[in-house]
Amino acid sequence: VQYSSETLDRFIPAIKNKTLPPRDRLGLQNDLFALARAGMISTVDVLKVVGAFVNEDDYTVWSDLTGNLGQISILLQNTDGFEDFKTFSKKLYKPVAQSLGWDAKESEGPLAAMLRELALTRLGKYGDEETVTEARKRFENHVSGKVPLPADLKGPVYLTVMVNGDETTFNQMMKLYDEADMQEEKVRISRCIGSIKSDELKKKVLDFAMSDKVRSQDTVFVIGGVTGTVQGRELCWQFVQDKWTELHERYKGGFLLSRLVEVSTDNFVTEARAKEVEKFFETHSAPAAERKIQQSVENIRLNAKWMERESTSVLKFLRSQ
């Protein structure tokens with residue numbers, strides 16, 4: 001399918017007022033992101049359509065759209081226009097978060113809770129002030145035992161306070177981890193602690209991931225937790241190379257080795273990095289993850305091509321919003 005800018009403009013009202021059914025809204029944005037990734041349409045045209053999802057209320061559509069926008073987010077972190085992307089995203093997620101509020105309503109179904117979690121997590125991650133303030137308040141009440149957080153708010157609150165937090169927040173979170181009885185809670189905490197901004201604390205998280213405090217099957221996900229920033233990805237890739245012998249020994253036969261390759265390499269954006277990853281695995285063979293290594297290198301090259309082709313026009317568009 002090829003879409004001209006004019007054709008796409010015609011979709012915008014039907015997305016905004018939701019006369020286009022959810023299944024078609026989901027399919028359309030998915031097609032558009034795939035075409036933009038392949039260089040067949042401009043990402044600016046896709047983002048214009050994305051802006052029309054501001055009234056979206058379907059969880060499945062939001063979930064898919066969020067994954068696609070996440071990819072653009074990773075690419076734009078490597079530019080000076082990431083703040084503009086965050087502003088664009090906050091405008092997009094704010095209405096749905098406001099309409100759902102923070103607290104569950106008696107009449108709502110499970111999808112509403114999932115959508116609340118998704119929208120608040122995005123707003124927190126992108127530093128929306130109201131969301132950060134409210135999350136901090138609820139986190140303090142939770143830590144002090146005054147008002148424990150309901151399970152479906154723990155994810156967004158923990159992530160928000162970590163992304164926007166300091167060493168005190170980090171220590172509070174580690175204390176919660178040590179005191180948690182439920183494995184589910186330990187997993188939830190361990191996967192978000194890596195999103196702390198400080199590089200020194202990210203390094204602590206990487207060491208913690210290898211310690212006996214973390215179950216072997218969770219280690220890879222804790223390591224992956226530090227890769228939310230450009231610097232975090234650098235630290236993670238260096239760590240994986242340094243610890244490769246131990247990590248390979250631990251996971252050599254299973255799917256977790258592929259997952260480790262993916263989290264530590266997939267989101268780089270330069271040809272030089274693609275070559276570096278290839279070179280490393282030429283001398284550190286990992287038969288169980290061979291397919292994933294190839295995919296990661298391909299992805300890095302696609303990212304590099306996208307950056308070359310699209311980043312200037314996308315940044316210009318985001319600035320104008």
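The values are calculated or read from the model by the stated rules, or taken from the named source; none is laboratory data. The model shown is predicted, which means the values in this text are computed figures rather than measured ones. Neighbour counts are summed over all protein chains in view; Cβ atoms, including those assigned to glycine, are modelled from backbone coordinates with ideal geometry.
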In segment 185-208, which residue that is assigned to a helix (DSSP H, G or I) and in contact with a Lys or Arg (Cβ under 7 Å, 6 or more places away or on another chain) is surrounded by the most Cβ atoms within 10 Å (Cβ to Cβ)? GLY194
Counting only residues that are surrounded by fewer than 19 Cβ atoms within 10 Å (Cβ to Cβ) and closer than 11 Å to VAL49 by Cα, segment 9-22 contains a total of 6
Per-region count, segment 269-279, residues in a helix (DSSP H, G or I) and crowded, with 19+ Cβ neighbours inside 10 Å: 3
Report yes if some residue within segment 114-128 is farther than 20 Å from TRP62 by Cβ and either touching a Leu at 6+ places or on another chain (Cβ under 9 Å) or of a type outside the set (S, T, N, Q) (or both); otherwise report no. no
Of these, LYS186, LYS204, LYS175, which one is touching a helix residue (DSSP H, G or I) at 6+ places or on another chain (Cβ under 7 Å), modelled with pLDDT of 95 or more, basic (Lys, Arg) and over 20 Å from ALA97 (Cβ atoms)? LYS186
Pick from segment 209-226, criterion surrounded by fewer than 18 Cβ atoms within 10 Å (Cβ to Cβ) and farther than 11 Å from PHE239 by Cβ, ranking: nearest to the chain's Cα centre (by Cα): ASP218
Taking segment 113-150 as the region of interest, how many residues are more than 25 Å from THR227 (Cβ to Cβ), surrounded by fewer than 23 Cβ atoms within 10 Å (Cβ to Cβ) and either of a type in the set (Lys, Arg) or modelled with pLDDT under 95 (or both)? 3
Picking from ARG37, ARG25, which residue would you name as being among the basic types (Lys, Arg), out of contact with any helix residue (DSSP H, G or I) (no Cβ under 6 Å at 6 or more places or on another chain), surrounded by 15 or more Cβ atoms within 10 Å (Cβ to Cβ) and at pLDDT 95 or above? ARG37
Can you go through TRP237, TRP244 and tell me which one is among the aromatic types (Phe, Trp, Tyr), in contact (Cβ under 8 Å) with a residue 24 or more places away in the chain and farther than 24 Å from ILE189 by Cα? TRP244
Go through segment 146-162 residue by residue and tally those that are aliphatic (A, V, I, L, M), in a helix (DSSP H, G or I) and within 14 Å of GLU184 (Cβ to Cβ). 1
Specify the residue that is surrounded by the fewest Cβ atoms within 10 Å (Cβ to Cβ); the eligible residues are those in segment 163-184 that are among the polar types (S, T, N, Q) and part of a helix (DSSP H, G or I). THR168
For segment 257-285, which residues satisfy the criterion of being in contact with a helix residue (DSSP H, G or I) (Cβ under 8 Å, 6 or more places away or on another chain) and at pLDDT below 95? none
If we ask which residues in segment 231-242 are surrounded by fewer than 21 Cβ atoms within 10 Å (Cβ to Cβ) and out of contact with any helix residue (DSSP H, G or I) (no Cβ under 7 Å at 6 or more places or on another chain), their number turns out to be 3
